[in-house]
Amino acid sequence: MIDYEKYAPLLEQVEKPGRYVGSEYGSEIPDPEKADLRVCFCFPDTYEIGMSNLGIKILSGCLNNTGYVSCERCYMPWPDMRDQLIKHNMPLYALESGDALSEFDAVAFTLQYELCYTNVVAMLGLGNIKLLSKDRSDSDPIIIAGGPCAYNPEPIADFIDIFSIGEGEDALVELASLLRECKKNGVSREETLYRASQLKGFYVPSLYDVEYNDDGTIRSFVPNRENVPATVQKRIIENLDEVYFPCKCSVPFLETVHDRVMLEVFRGCIRGCRFCQAGMIYRPYREKSPEVLNENAKTAIAHSGYSEISLTSLSISDYTRLRELIDGMLPWTNAKNVNLSLPSMRIDNFYEELLEKVSSVRKSGLTFAPEAGTQRLRDVINKNITEEEILTACEKAFDGGRSSLKLYFMNGLPTETDDDIKGIAALGQSIVDKYYSKKRFGGGRGVNVTVSVSCFVPKPFTPFQWEAQDSIEELERKQQLLKGEIKTKKISYKYHDARVSRIEAVFARGDRKLGRALLEAYNRNMMLDGWDEYFSYDKWISVFEDCGIDPAFYANREFGLDEILPWDFIDIGVTKKFMKREYEKSRQAVTTPDCRTKCSGCGASALCNGKCVCDGGESNA
Amino acid sequence: MPDIRVTFTKLDKLKYISHLDLQRAIHRMLVRSGLPIAYSEGFNPHPRLNIALPLSIYQEGERELFDFRVVNEVALDEIESRLKASVFPGMDVVKVELAVGKLATKHAIWRLETVTDIPLDEFKSAFESAMPVLKRSKAGEKTVDIQPMTELVSAESTENGIIARVKLNAAGNDYLNPSYVAAFFGERLKLVRTVRENIIF
């Protein structure tokens, strides 16, 4: 291991040096000097966010368990540290060895959010790695990326050598094995990338050519070398009980965003909300068994010393064996003063008594997501909950002694009218009225309902992928309209910056042409766009102007149903045919039942040989 | 069972960790140890833990102290071996004993490793007369003479500076941070390592 002391003069000048030193409990890795392959896993946002990411823990654990990989970590430095690195002419380094990113065989990024793309480019630059894939030579690291945003890899394709599409536990180890082989035999970079394209679930952008129509849409997207697959199918893990789970993670000193044991209960979602990308890309729905989860939880608590476990999955109350799991965990978690939290309850199947049980140690906040203010619009987005269900759930929560609730909504949803916006205020008012419909003995301050409204961003691989985003002016008008409609101080109203959502929309549905803009943004020192204090809409607009890019083409244009979409070459299991069907149903405000009630023939079951939650269910495919 | 007193180190990269972060790390270490630790009452129960004196970020400690409590009788050897198995990098358990009295600290011995061009004699004699330093507090800035709270134990020259041992006040309201000693010497002296060697009752 190298001498860390060379970084001491930098570390003494920054606000939170603990972000840049590693050395947390449980962070030991295989000796880099004895490893055949050195990988650095990068999270393109701050340490506190990155250390909260379960995906990195899983994947770096898989790599470090191979016996031949040594996988380290790196996070996006805060500007104070970036300035110190530049001032001292030192490269961005990995936390375990202190070596520059450029010294690794492979550098992997997880793409969790479109506004982190500038951080990816900045980390490459700070790590002394050539920014563009085409400029790298045999001695440079192979740059890999995966994660939810990799389902539309095109905007950042110029900077990445290999994308991993889908769940990475098996795939990444297969890639590591290939890279090790290629390194040992001195295989050229070009040939290594080609071989990676032959593995299942990997996309090598340099092996595909894109041509555009005069109007900027895609004319063709084809491989430029023989045997390179025209479509890349995502990888999944069929049996979650058998796949590696990181029970022994490093425990940060700094307080991170999710500073607790995270227990992944299932993957996928049975719901099918039409705006939700996670609900589509993680299909098919697969559960882990309570027995395995309980064992994982015990080991993770004993190892870490954490006093909280969070059950993390998309909609936790959909887990078929939730009661069994919780009944199995509570006896020991209560005895050990460990708090159990269920962060994503659905309104229609939320059980206050279950919540009472789990909050026997500590009482945490309660959040529901009606998403839209009227039944018509909730039907359009296929949220499948009724106003009555919302009110009943809130009443149960109030009866259980809670006096504060948070509700998530979206504005700018397809077909939305001013009546839908007013409906948000009306629903909030009904909830407040529900609280006062009975005599309650609360804290004396009465009820507090937080209404938090984000802006709709059309995302790839959703039935709304063709929809246009509202203009900023329209989104802001709707935000003000709602503000005027809220007549009570019992409702706290919060809304997102529409300008941030617009840039998010540009990159979400972007194509390769956006690589120019990312490079230009890097040259203008733009980064940390996910942070209000560093995001600048005006700078982005001027970057787009100077690069000849029209942001409205990506964000505010209704894409044609027959257009070639930038992400069409990726196969997530769920078919485009299904998406179109859902799109058309949305236009008639017709809902689709959840997968358990009735299979809608989305196509995802093909990824695990037809086995799915709908198992043998009737299909209308 | 009376309180258990643990002597521990905060060294190496732990100097980049704040007192609050260290406290949380010790909480987790106690939980990991599997000992029947006593918890506080209230909405947010956490292990009962009392750390003698906080160390600022960038400071290290060789013989730091904390007290905690177990709810059942456990042999000291057992406690020691369990704690040693649960430590984190930079923290070592030096000693485990039954606590005698409260953690009422009076003085601390500090080792100040400095880079300076101040001659050793000049450095030593500085401790013999008034040492005015500008001190900032909530009430504003004021000049304080730190000499009555400061005692030079030893000083020796190194290649590019001086290593000094000083005994500073460490009683509740009268706590003197060694950064003020460095501040007294101003620009000519740079503190490169600050280690609390011992805490005195």
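Here are a few things to note about the model shown:
- Of all the criteria given as (1) more than 14 Å from every other protein chain (Cβ to nearest Cβ); (2) under 28 Å from A:LYS611 (Cβ atoms), the one not satisfied by A:CYS247 is (1).
- Qualifying position, being among the hydrophobic types (A, V, I, L, M, F, W, C), away from chain A (no Cβ under 14 Å) and surrounded by 18 or more Cβ atoms within 10 Å (Cβ to Cβ), among B:ALA52, B:ALA25, B:ALA75: B:ALA52
- Any hit, region A:442-456, residues being in a loop (DSSP other than H, G, I, E, B) and crowded, with 20+ Cβ neighbours inside 10 Å: yes
- From the options B:LEU152, B:LEU191, B:LEU176, residue that is surrounded by 13 or more Cβ atoms within 10 Å (Cβ to Cβ), in contact (Cβ under 8 Å) with a residue 60 or more places away in the chain and among the aliphatic types (A, V, I, L, M): B:LEU191
- Qualifying residues in region A:352-394 (those that are within 28 Å of B:PHE43 (Cβ to Cβ), modelled with pLDDT of 65 or more and not in a helix (DSSP H, G or I)) - the one farthest from the other protein chains (Cβ to nearest Cβ): A:ALA369
- The listed residues are A:ASP80, A:ASP99, and the only one of them that is touching a Cys at 6+ places or on another chain (Cβ under 9 Å), in the same structural domain as A:SER27 (by TED's automatic domain parsing) and either surrounded by fewer than 19 Cβ atoms within 10 Å (Cβ to Cβ) or of a type outside the set (A, V, I, L, M, F, W, C) (or both) turns out to be A:ASP99.
- Test: residue in region A:553-564 that is within 21 Å of the chain's Cα centre (by Cα), charged (D, E, K, R), at pLDDT 95 or above and within 28 Å of A:GLY279 (Cβ to Cβ): no
- Within region B:7-22, if we keep just the residues that are among the aliphatic types (A, V, I, L, M) and surrounded by fewer than 23 Cβ atoms within 10 Å (Cβ to Cβ), the residue that is nearest to the chain's Cα centre (by Cα) turns out to be B:LEU11.
- Residue within region A:261-273 that is surrounded by 19 or more Cβ atoms within 10 Å (Cβ to Cβ) and within 14 Å of chain B (Cβ to nearest Cβ) present: yes
- Any chance B:VAL133 is in the same structural domain as B:LYS167 (by TED's automatic domain parsing), surrounded by 15 or more Cβ atoms within 10 Å (Cβ to Cβ), out of contact with any Gly (no Cβ under 7 Å at 6 or more places or on another chain) and more than 30 Å from A:SER341 (Cβ to Cβ): yes
- One residue from A:TYR7, A:TYR47 being within 14 Å of another protein chain (Cβ to nearest Cβ), among the aromatic types (Phe, Trp, Tyr) and either within 26 Å of A:LEU263 (Cβ to Cβ) or without any contact (Cβ under 8 Å) to a residue 60 or more places away in the chain (or both): A:TYR47
- Close contacts from region A:478-504, counting a first residue that is assigned by TED's automatic domain parsing to the domain that holds A:VAL449 and a second that is polar (S, T, N, Q), with Cβ to Cβ under 6 Å and a gap of 6+ residues or different chains, come to A:LYS478/A:ASN411; A:SER492/A:THR450; A:LYS494/A:SER452; A:TYR495/A:GLN479; A:HIS496/A:SER454.
- Selected residue (criterion: surrounded by the fewest Cβ atoms within 10 Å (Cβ to Cβ)) from residues of region A:503-541 that are part of a helix (DSSP H, G or I) and touching a Ser or Thr at 6+ places or on another chain (Cβ under 9 Å): A:TYR522
- Failed item in (1) modelled with pLDDT of 90 or more; (2) more than 14 Å from every other protein chain (Cβ to nearest Cβ), with A:ILE309 passing the rest: (2)
Here is a yes/no grid of residues against (1) exposed (fewer than 12 other Cβ atoms within 10 Å of the Cβ); (2) closer than 23 Å to B:ASP12 by Cα:
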site: B:TRP110; (1), (2): no, yes
site: B:ASP117; (1), (2): yes, no
site: B:GLU159; (1), (2): yes, yes
site: B:ARG165; (1), (2): no, yes
site: B:ARG196; (1), (2): no, yes
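- Out of A:ASP138, A:ASP158, A:ASP170, sole residue that is in the same structural domain as A:CYS62 (by TED's automatic domain parsing), assigned to a loop (DSSP other than H, G, I, E, B) and charged (D, E, K, R): A:ASP138
The values are calculated or read from the model by the stated rules, or taken from the named source; none is laboratory data. As the structure is a prediction and not an experimental result, all values here were calculated from the model. Glycine gets a Cβ as well: all are built from the backbone with ideal geometry, and neighbour counts include every protein chain shown.
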